[in-house]
Every structure is written in structure tokens, then in C-alpha cells.
Amino acid sequence: MRMFSVSHKTAFVVDHCPYMAESCRQLIECDMLTKSRSQGVIPLAPVSKSLWTCAIECSMEYCRILYDVYPTKKLVNYIVSDSEVHILNSWKQEDQNTQELMAALAAVGPPNPRQDPECCSVLHGLVAAVESLCKITEYQHEARTALMDTADRVANRGRIICLTNAKSDTHVRMLEDCVLETIQEQNKLAAGSDRLMPIQQCELVLVHIYPQGDDTLVSDRQKKELSSVLSSEVHSVRAGRYLACKLNVLVQQHFDLASTTITNIPMKEEQHANTSANYDVELLHHRDAHMEFIKSGDLHMAGSTSRDSGLKETVTLKWCTPRTNSVELHYCTGAYRISPVDVNSRPSSCLTNFLLNGRSVLLEQPRKSGSKVISHMLSSHGGEIFLHVLNSTRSTLEDPPSISEGCGGRVTDYRITDFGEFMRENRLTPFPDSMVDAAGRAPVERAKSQLERQTRYWPMIISQTTIFNMQAVVPLANLIVNDTLTDEDVLTCQKTVYNLVDMERKSDPLPISTVGSRGKGPKRDEQYRIMWNELETLVKTHVGTSERHQRVLDCISACRSKPPEEEERKKRGRKREDKEDKTEKNGKDTEEKGWTADSERLKGVMEREKDEQSECEIIKDSPDSPEPLNKKPRLATEEQQPPEKSKGPVSLLTLWTNRITQANSRKHQEFAGRLSSVNNKAELYQHLKEENGMDVHENGKATR
Amino acid sequence: MPTVVLMDSSLSMTRPVSVEGSEEFQRKNLAVHGLTMLFEHMATNYRMEFTSFVAFSSLWELLVPFTRDYNTLQEALNNLEDYDKTCLEAALQGVSNIVQQEWGTSCPCQVVLVTDGALGIGRGSLRHSLQTVKQRVEDKKFPLPFPFPSKLYIMCIANAEELQATDGMDNLEQLINLNGGEGQIYTMEGPLCLKSVQSMFGKLIDQAYSPFHAVLRCGNLTSDVQVFPRPEPVIIDEEVDPLPKTVQTDLEIVGFIEIGDISSPPVLSRHLVLPIAVNKEGDEMGTGTSDETEEETSTNQMAGKSPNFCVLLHGSLKVEGMVALVQLGPDWFGMLYSQADSKKKSNLMMSLFEFGSEPLPWLGRISQLGPASDAAENPYGEDDSKSPFPIQPKNKRSYAQNVTVWIKASGLQTDVQKILRNARKLPEKTQTFYKELNRLRKAALAFGFWELLKSVAELLERECTLLPDSAHPDAAFQLSHAAQQLKLASSGDSKYAAFEHNITPMLTDFSGGGGAERI
């Protein structure tokens, strides 16, 4: 595909001379009287368009289709010619839309029949069109700038479509000669300019428009090379719908378009809302959407029919009512913008509105064998409708070996959920063109560097990591990968570390994998050593990022468990730390809740840790802890003594019962009585005492 | 890229090759030897390739339909019989049919033609075919170029000198030209022997069947992969940028996008991304090149058990319903996703987007895609309810903006009727009445269709006279006001005929202040 083919630039030259004001002599009744009101009323005379109106609306239709299918890179320069030249827009991309052209055309208005025909000519327009074709477009400029010393690869080609009313074949030849001469002149001029380019190839399409009922004075002529630069063709067409047909055919030829008719579209009847009839809608799009039909010579089998215009063929595809709205990734070999042929007919607008609302429609290719093949899909993206070509032939990739049979396929404990979370965090979003960061990096480079930072230490399987299985590490792990840290972030990281220190002091179990090792796995202090090492590994990979990152590492190095001789020294500072820890813990708990735990496994880990934390809180032997509850003499042998972890080994039964009790206690609200009980005995009618002014706090425990 | 092996089994292939000493070979033996080598290579390094085997002489026969079972292909090769004369055109036509039946016309194929370069005599000879190539009727066209994208590799069991002595070489070159230059001719160097046939097929293997190995990267997470089929170079614009673009061997993930947001994008090609184990010497073990089966199995088992990033990525893409955007080279991107086979198998796949900085209009320029966390506000919403995609184009398409087209009379009539319908429901429909009126006015002015404005003005005036007694007094005022404004516009007076000007409802006592507010 060539970017700078003839269709890159199209100059429309429309004749605005007095004779274009003539009627096309096709009458349109716009006074459609309803039966009940028609009595006694004389209907208004029908209206008829002028040649000018016909030319304008057909050329606008040409532009409408062109802009629908090619919103960029195919440019139109619209020129109106009478006694002078009116250039209605430029090659600039921002000028390329029909609204602006319509406004400019309104300013020009219809031709003035009283103007002196002698001083009016379409020649002015043709000369202007050639001059305009020499002007460089922003795309040509961009390509030339990018190519530097091979800038001469950027070609300058274009097409002039001239809508006029010619006098005779001689007149046509005169117009052609004029274009050829102007090209030669302009090319000389352009050779010496930076903003101009000589025309290498120009196609002149002369459309002679004449009123219905007249005999044409100009004969049709096939495309003919007038010189190595200029080719020309002449179409002699009656105004009105014939002209519309002609320009529709031309836009298809000029821009490689093809037509598809969607058939069997169910649509509610306007009059009878509960009945539905089937409609057809014809769409235009790039002809590559039919490539499979064209190549296989299947065009006719695919239900294509010749249309009234004679030249045009359309492929019929059948609507398949969409069943679900599920998002699916179809194997799609092409997607082409469409433009409805009859844009504001009811069936067309029903179809386009349906699609613009976000539904996709699969299209079925009728086959002679009667088998059903889905070959295309209509879908809108951001307010543009595309015809997607779906692959309907056998795939060369069928029956591949499953990923579980290849490398790494036998590993079962991948951190799938964690990586899913990672992917969500690394989703992309568009940034405005001006958005470059301080280092001048494009957003996509920032995305890559974020991925790099976040994967410096990223174990792929659960059994390879301890820290990523621990809720307690999450705040630090999330922050340390950032490009910059605030003081507050550093504080959060430090708190995380202190929290770990605290866990270690309490000998909380760690979620260390026992895979591959026999028995219980490593001992507790060994577990913590592994955990600290891993945490250090993680933080070390980010140490170079900033001084604050370094501070986090420093904190870890300072706090992590040291060989026994250092243990003593550390103990001294411990009490103060404990206090700090407590106040911090409140904050931490809420943080943990905010973090969306994603896997059942992780939840388990988290709950276990919390359990153990709360367990520890009860039996904490710091001076702040409340007096032991069971100071009272035992009345009976206790079945369910609170666990006393600190005093030697606990039996398996106790461990188990505690676990079950704790699990159960989460499922219901504890009885007020049991909560305030002492050794499973609760005092009844306490409020009576209260009312009597007696001290209920005798156990040193507050009632709720 | 499926392969068709087209084997010449004419009598000339049985010509003996003079080898000093030892046993005597036929050219056919050499051909079989070369193809055996090719099949063995494919079975180990390129085993996802579908290959079919066609033998031809004056007739052609599909001996093995497309398969990945290289034993079957080998067996057919070993049992090949000898037939009569060479008749290439019919065989090429056969290949064309076989491929189209199986894969359609969009799937690129490789055709490996093995021949001794004796291309037949008289009718049906290649010389005869080529001489008449321009005088064909529509349904008897020469089969080249194939209707599907193709590469034609011609393996000559002959050396170049031998071919140049006749017009064999010229004819074969012409064949490649007919196929749009897509393909290559291989000849044997030196004496015709096993060694030279090996070296010739070795070159073919390097050219067309060398596996594409790459490193898939997501930050610091990497995996060695084989991409199958090999991504082929593409030419973007033969004029401005004639250099073919190739996929680089470093596939770097840029970020992730939801399947719903990427929305069935058009792709150039699809490829399997198969993780491979590379040992320290740099040989691939995962694909199994070794002959020692025992060792191979154990290596494979080892590879299966060590974690691989591809498997992790595949699992998460599948679970999350996302794709990974991957950079294939400067200004070239693709996507990685999980593709489920009809059975319970699934795989990591890579699709290549069209070359360029903006392959999908609804994603915008890829270079402008950055991490969502950099945005001031989470573009996906706190509860994942939003999406920054699709990107809206600057201008709406015609079907989304209520354009006016009067090419068919019915279009014009509908628009006039709409105005009249609303005119009869004044003052309730004042707003829609003026909206439709202004739409018609704008179009009529742009098209220079002033006559229509006059006609509609007359219609409105008549409506005014036909108003029933029960009509709201405001209706008459609005109708005559609208009619008057249209008439003024049709005069072309720049004060009233300005395109941007809108006719506004008349302020009447009846509409009161409310009328003005409604506008």
C-alpha cells in the first residue's frame, strides 16, 4: 500500500457559473398531503434542484463517504470557480470534515444567473486545483522530514474531480490542455520551493452535468494518458440521481471501496410496534474486507448481486442476532471503517445506532452448501463502526501442545492471583500528547520502567517466597517499588519492619513453604532468618533508586535478628519499642483491611496471623497487661484452660481445640455472659448490684 | 505457514549419478535423502508445521494430506514410485487447489518443489506452459502467482551449470518471477552426492525452517521462547519505506489491557509462544534436539518442573481476561493472550498488529499509553467500573451526527414532513419544530437550494390558514414567523442567510417568558 498514491489528495472543482443555476428538471413533490386534509387544498408546485445543487450534494456525499472510511490521510481541497476562485478549505487535517465545507458552501451560495457568463469559467478553478496539488500536505511534510536524505521517496500525486457543464468535446479538450499546461508551469515553480512539490501524477476526472431531457453535448471517454503526468477521463451524466450514482461509483473506484449488504436485519415496524420485518442495509468499506471472496473467486457464490448502477456489486451477508454481550477475543484479520450508503434512511440509522450503543453483530456468509460460516463482524469502537473480517478457514495452529506440557508446565503453585493483581496495577491508559515526564520519556517508556522496577524481585511461585505470602509485608512491598518515596512512605516501611520484629519476638509462625522438606520444615528462628534475607533481597534491588530507599534498607539491617551476642543489647531497647508498636498497630490493622486480599490462601494466612497476634496480646507479659484473670481459687478442674504458650510445650489437642474455638468464635457474637465470665462462670443479675451501687468491677474487668 | 512438498517422480529422476567408487545413486535417491533430512529437522525443531506431500509426473497425486505426523510423510517418501514425464503446470494447479481447500486464500504457504530440472518436453512441459502464459482464457490461467501468499522453493537435484546448459534455469527463474518474486532456486554445488544434497537442504532449512527464538520480557521477568510460526518480515509502503520490518528477538511487554478494551483487534498474524529451556551451552533442550531419548525425557521433565514466566503470564492473562501489549520492534506492537483450544488445552499466543505507532484507532498512539497509576485519577475507577478506552475520534462519523442528505427524494420529503408534523403540534413541539426547521435551513443554504426554503415557507403559511379554531393562538404566530424567516433566508441576504444563524422562536404574549426560556 502506498501512502502517497493518487488518492492522498483530491481537489474538487465545482463550476459556479450562471448556467449551473439551471434546473436539473427532476421534480420533487415536497407537499405530501394526507388524505384527511387534502380536501379543498391545492398542493404546492413541486420543487426542482439546480445543476449546482445537484453537484454540491453529490460531491458532499462523496466527501461524507470518504471521511467516514478514511478520517485521516485522504485529503480533499474544495474549490468553487466562477469569475474568480473560491477555495473553501485547505489540505490541513483539521479542515477535513463536511460541516466546515457546508458552512463555506452556504457562504458561496447558488450561482447568480444574472452574472456575465463571459467572465465566468471553471478554468480558474482548474488552475487553482493544480496549484493546490503542488502544495505540500502535513503528511508529506512529516514523511519528508522523517526520511531526511531519502525525502525524494515521498511522491506527490493527486486527483482533480471537476464538476461542470461543458459546451462540447472541444471545450473538454481545452480544459484538459489547460490543466496539462498549468501542471508543467507549476512543476517548474515547485522545483525551486520548499513548501511546494512538483506533481508526478495527476488524474483528471471531468464530470459533465446536463439537465434531464437535454441531449448531451459531450461524449464519455475512458481514462487516457495525456502525458506521463496527466491522465484524463470524461463522464457525461444527467443531473440528479444519475449524478449521485456516478459519484458513488467514482468514490468506490478512487478509494478501493466495496459494498456489503447486511440482510435480514430484524426491525420493529414504525406503524406497528409489535411486528418486525427484515431489512437490508448497504455499507461501503475498503474492499480488502472482501479479499477472501475475491481471491477464492467466491464473489458470486457469496451472494453478490449486480446492482442497478451496473458497475457496482455488493456482497450479501446475513445478520446473526447477537445472543450475549460477552467479551471475546475474535481472531480478526482486518477491520475496516464503514459508511452506510443511505445514511439517514431508517434501516441504516437503526443499524448504526444499535452498533454505536456498543453491541456487536456477527455476519454470516451464505454458502451454496447451506453450511453456516461466520465471516465478518460489525462492531463500534469509540463511535466509529468497523467491519471486522473474521478468520473462517482452518487454523494452522490447531491442536497445539498445551502449555502444561511444556517448560514450567508441571509447576502448580504459580502466583497466578498475585500476578493478576500485578497486571491490573500495570494496566495502560492514554496520556495526552504533551505528557512527557521530567526525563523526557514518553508514557510507554514510563510503563516499561515501571514494569522493570516492580519485577526486580518477583518470585514466580508461592513456595519460593515467604514475604509475599505475608500480609504484614504488604505495605513495604507495595511502596518500595515506587520511583520516589515520601518521608511518610519511609515511615510506613519502617513500621512494617518494626511489626516484623515484633512478630519475631513473639515467635509468630511464618508461612514458610514446607514443600520438599520433611517434617515441620525449618525451625522458627531459621524461618525468620529466611524471611529477613528475602526482605533484604527485595529492598536491596531498589536501594539505588533514592536515599529514602536506602533508609528502608538501613532500617531492616538495624532491626533484623542478629546473632545471640547482639541479642542482649537489643533487649534493652525493647520496652520502648513495644509501646511504639502498640500505637502503630491500630493504624496497621486498618491498612490491612483496605488491602484487598485476593486469594483464599492469603486470607488464610492473614487470619492465622491475626489470630496469633490477638493470642499474643492476651498473654503479653509486659507491665501494661491486665492482671491475670484467674486469681480466684479454682472451683473445679478446668477442661478449657486458656493456653499458656509461654510455659513450655502445648499439647496437640490444646492447639487444635484453640484453633477450632477461635474459628467458631468468629462465626457468632459471643454471649455477653461468657465474655465477662471468669473461668467459664458468669455472674447473673449483675445490673441489680449496679443498681444497688455495688462495685461490679471487682474482677478488674469492665462489663459491656 | 503450511508446507507442500511437491516431488518430481518422473523417469528422469531415476537417472544415475556418477559417483566414483561405492554404490550407485539415482537423483531420486538424493532427493529422498534431502527430504528425509528436511522432515527430520521439522519433526524436531519445527514440529507444529503442517506438511503435505504431492508427487507428480504427467499426473499429480496427493500422497499425504496436511499432517504433523512426519513418520507418515517419511513412509510415503520411502515408498515413492517412478512414473512418466514431467508436467509441472498441472501439478502447480493441484498444489493451488489443495492449499485453498485446506486453508483458504489468506494463509501463507510454502511450496517446496523437488525436481531434477528436466522440465518435460512438448505439450505440458514447463517451456510450453511459459510460452503460452499470456494467451490464456480466464478459467485456464497459469496457477502462478498462487492466490494465497506463498514462497516457492525450487530444489534442483542438479547443479547450476547443468541447468544453465539448457533453458531449465531460465524457466525456473521465470516461475519465481511469476510468483511475484516470492521464492528461491537452490542448486547443488559440486558433484551430485549425498554431501552436496545435504548442504543444499541445509540452506533451505536455514532460510525457511529455522525456528524463531526470542526472549519474552516483562521487566526483569523473562522466558526463552520459540515463536511459531516464524513471524515474517513485512513491508509497510514499498515507496516511502521499502525496507522490510522484522520482529526483533527481544519481545518486551509494555503493559496490560483488558480484553474488552482491546476489543477483537485486526492482526497480521497469530503465533504460538512456546517456552523453551536453554541450557548453559545455549542449545535448546525443551524442543528436544537430542537423539538420546532417555536424556531428553529427563531434561524435559526438569524443564517442566522449573517455573517458567510464560506459564505464569498465561495463567494470569487467562484468569484476569486481559492481554499483554508487547513491543516487537521500533513502532511495532502486538498482544499476548491466552488462547483456548476446543479441548481443555490452552496456550500463550501472540498476535502481531499492523506496523505503526497507531495500529488500533481505539487505543490511540501506543507511545502515549502509560501506566494507569501515573494518572491523576484512576482511569479505571476505584471499583474498576470505568475504562479509558476506547478513545473517541476528534470528528464524529456521518452516521453519528444526523447529517442531511437529499439525494433521494424520500430523504427530502421525510425532512419536510417532520417539520409539518411538529408544526401541527405547536406550541407543545416548539423546540423540535425549530430544530428540524433549522436543520433543513442549513442544508438548503449549503446546497444553494433556495427554492426549497421558499416552498417550505409557503407550506407553513398554508398550515397557518388551515389551523383549526381550537388551535393555540401561539401556533399561528410561530408558523408565520418561521415562514417569514425562511423567506428572508432564501433571499440570500447575508443578514438572514448566514449558515451559523439559527431561527429562534418568536416571543409572544402567549408563550410568555416561558417561550424564551425554553430555547
Practice item. Only residues in the stretch A:41-54 that are in a strand (DSSP E or B) count as the first member; pair them with residues that are of a type in the set (Asp, Glu) and surrounded by 13 or more Cβ atoms within 10 Å (Cβ to Cβ), Cβ under 7 angstrom, at least 6 apart or cross-chain, and list the lot. Key: A:Val47/B:Glu451; A:Ser50/A:Glu22
Practice item. Go through the stretch B:145-171 and count every residue that is open to solvent by 30 Å² or more (accessible area, probe 1.4 Å), in contact with a helix residue (DSSP H, G or I) (Cβ under 9 Å, 6 or more places away or on another chain) and part of a helix (DSSP H, G or I). Key: 3
Check your understanding: If you take the residues in the stretch A:317-329 that are modelled with pLDDT under 90 and open to solvent by less than 50 Å² (accessible area, probe 1.4 Å), which one is farthest from the other protein chains (Cβ to nearest Cβ)?
Key -> A:Cys320
Review point. Out of A:Asn97, A:Asn89, which single residue is under 46 Å from the mean Cα position of the chain (by Cα) and either within 9 Å of chain B (Cβ to nearest Cβ) or surrounded by fewer than 17 Cβ atoms within 10 Å (Cβ to Cβ) (or both)?
Key: A:Asn97
Check your understanding: In the stretch B:238-266, what count of residues is obtained for those that are within 11 Å of chain A (Cβ to nearest Cβ) and open to solvent by less than 10 Å² (accessible area, probe 1.4 Å)?
Key -> 8
Check your understanding: Across the stretch A:221-245, which residue is most open to solvent (accessible area, probe 1.4 Å) among those that are assigned to a loop (DSSP other than H, G, I, E, B) and either over 23 Å from A:Ile65 (Cβ atoms) or of a type in the set (Ser, Thr, Tyr) (or both)?
Key -> A:Ser228
Review point. Quick one: would you say B:Ser410 is modelled with pLDDT under 90, under 26 Å from A:Leu356 (Cβ atoms) and of a type outside the set (D, E, K, R)?
Key: yes
Review point. Quick check: anything in the stretch A:448-469 at pLDDT below 90, charged (D, E, K, R) and more than 22 Å from B:Pro307 (Cβ to Cβ)?
Key: no
Study note, to complete from the structure: Scanning the stretch A:406-434 for residues that are open to solvent by 60 Å² or more (accessible area, probe 1.4 Å), at the interface with chain B (Cβ under 7 Å from one of its Cβ atoms) and at pLDDT below 90 gives A:Arg410, A:Asp433
Practice item. Could you please give the count of residues in the stretch B:430-449 that are open to solvent by 40 Å² or more (accessible area, probe 1.4 Å) and in contact (Cβ under 8 Å) with a residue 40 or more places away in the chain? Key: 2
Review point. Does A:Glu398 count as open to solvent by 50 Å² or more (accessible area, probe 1.4 Å), farther than 30 Å from B:Glu102 by Cβ and not hydrophobic (A, V, I, L, M, F, W, C)?
Key: no
Study note, to complete from the structure: Given (1) crowded, with 23+ Cβ neighbours inside 10 Å; (2) of a type in the set (A, V, I, L, M); (3) more than 7 Å from chain A (Cβ to nearest Cβ), B:Leu312 misses just (3)
Check your understanding: What tally of residues in the stretch B:325-347 results from selecting those that are in a strand (DSSP E or B), away from chain A (no Cβ under 11 Å) and not hydrophobic (A, V, I, L, M, F, W, C)?
Key -> 2
**Study point:** Criterion: more than 8 Å from chain B (Cβ to nearest Cβ) and open to solvent by 20 Å² or more (accessible area, probe 1.4 Å) - qualifying residue of A:Asn353, A:Asn391
**Key:** A:Asn353
Point to revise | Options B:Pro427, B:Pro473, B:Pro468: the member that is touching a residue at least 60 places away in the same chain (Cβ under 8 Å) and under 21 Å from B:Asp509 (Cα atoms) | key: B:Pro427
Point to revise | Residue, most open to solvent (accessible area, probe 1.4 Å), within the stretch A:67-77, restricted to residues that are at the interface with chain B (Cβ under 10 Å from one of its Cβ atoms) and touching a helix residue (DSSP H, G or I) at 6+ places or on another chain (Cβ under 8 Å) | key: A:Thr72
Practice item. Tell me, please, whether a residue that is within 10 Å of another protein chain (Cβ to nearest Cβ), open to solvent by 60 Å² or more (accessible area, probe 1.4 Å) and within 36 Å of the chain's Cα centre (by Cα) can be found in the stretch B:414-424. Key: no
Check your understanding: (1) aliphatic (A, V, I, L, M); (2) in contact with a Cys (Cβ under 7 Å, 6 or more places away or on another chain); (3) part of a helix (DSSP H, G or I): which one isn't true of B:Leu216, the others all being true?
Key -> (3)
Review point. Which residue, of B:Thr86, B:Thr44, B:Thr72, is within 24 Å of B:Val197 (Cα to Cα) and crowded, with 21+ Cβ neighbours inside 10 Å?
Key: B:Thr86
Practice item. Spot the failing condition for B:Pro379; the list is (1) outside any loop (DSSP other than H, G, I, E, B); (2) at the interface with another protein chain (Cβ under 7 Å from one of its Cβ atoms); (3) touching a helix residue (DSSP H, G or I) at 6+ places or on another chain (Cβ under 6 Å), and only one is missed. Key: (1)
Check your understanding: Quick one: how many residues across the stretch B:172-213 are assigned to a helix (DSSP H, G or I) and open to solvent by 40 Å² or more (accessible area, probe 1.4 Å)?
Key -> 11
Exercise for review: Take B:Leu452 and decide whether it is open to solvent by less than 10 Å² (accessible area, probe 1.4 Å) and either within 24 Å of A:Asn353 (Cβ to Cβ) or free of Cβ contacts under 8 Å to residues at least 60 places away in the same chain (or both).
Suggested key: yes
Check your understanding: When you scan the stretch B:472-494, how many residues do you find that are open to solvent by 30 Å² or more (accessible area, probe 1.4 Å) and either over 60 Å from the mean Cα position of the chain (by Cα) or among the hydroxyl-bearing types (Ser, Thr, Tyr) (or both)?
Key -> 7
Review point. Pick from the stretch B:348-373 the residues that are of a type in the set (Phe, Trp, Tyr) and either more than 7 Å from chain A (Cβ to nearest Cβ) or part of a strand (DSSP E or B) (or both): which of them is surrounded by the most Cβ atoms within 10 Å (Cβ to Cβ)?
Key: B:Phe353
Exercise for review: Test each condition in (1) open to solvent by 10 Å² or more (accessible area, probe 1.4 Å); (2) outside any loop (DSSP other than H, G, I, E, B); (3) touching a Lys or Arg at 6+ places or on another chain (Cβ under 9 Å) for B:Phe142 and report the one that comes out false.
Suggested key: (2)
Exercise for review: Give just the number: which of (1) farther than 26 Å from B:Phe212 by Cα; (2) within 14 Å of chain A (Cβ to nearest Cβ); (3) β-branched (Val, Ile, Thr) does B:Thr51 not satisfy?
Suggested key: (1)
**Study point:** Some residue of the stretch A:159-166 being open to solvent by less than 30 Å² (accessible area, probe 1.4 Å), assigned to a helix (DSSP H, G or I) and modelled with pLDDT under 95
**Key:** no
Check your understanding: Could we say that A:Leu147 is within 14 Å of chain B (Cβ to nearest Cβ) and under 19 Å from A:Val14 (Cβ atoms) here?
Key -> no
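The values are calculated or read from the model by the stated rules, or taken from the named source; none is laboratory data. Keep in mind it's a predicted model, so treat the numbers as computed, not measured. All Cβ positions, even for glycine, are placed from backbone atoms using ideal geometry, and neighbour counts span all protein chains on display. All accessible areas refer to the heavy atoms of the entire protein, side chains included, with ligands and DNA or RNA removed. Shrake-Rupley method; radii C 1.70, N 1.55, O 1.52, S 1.80 Å.
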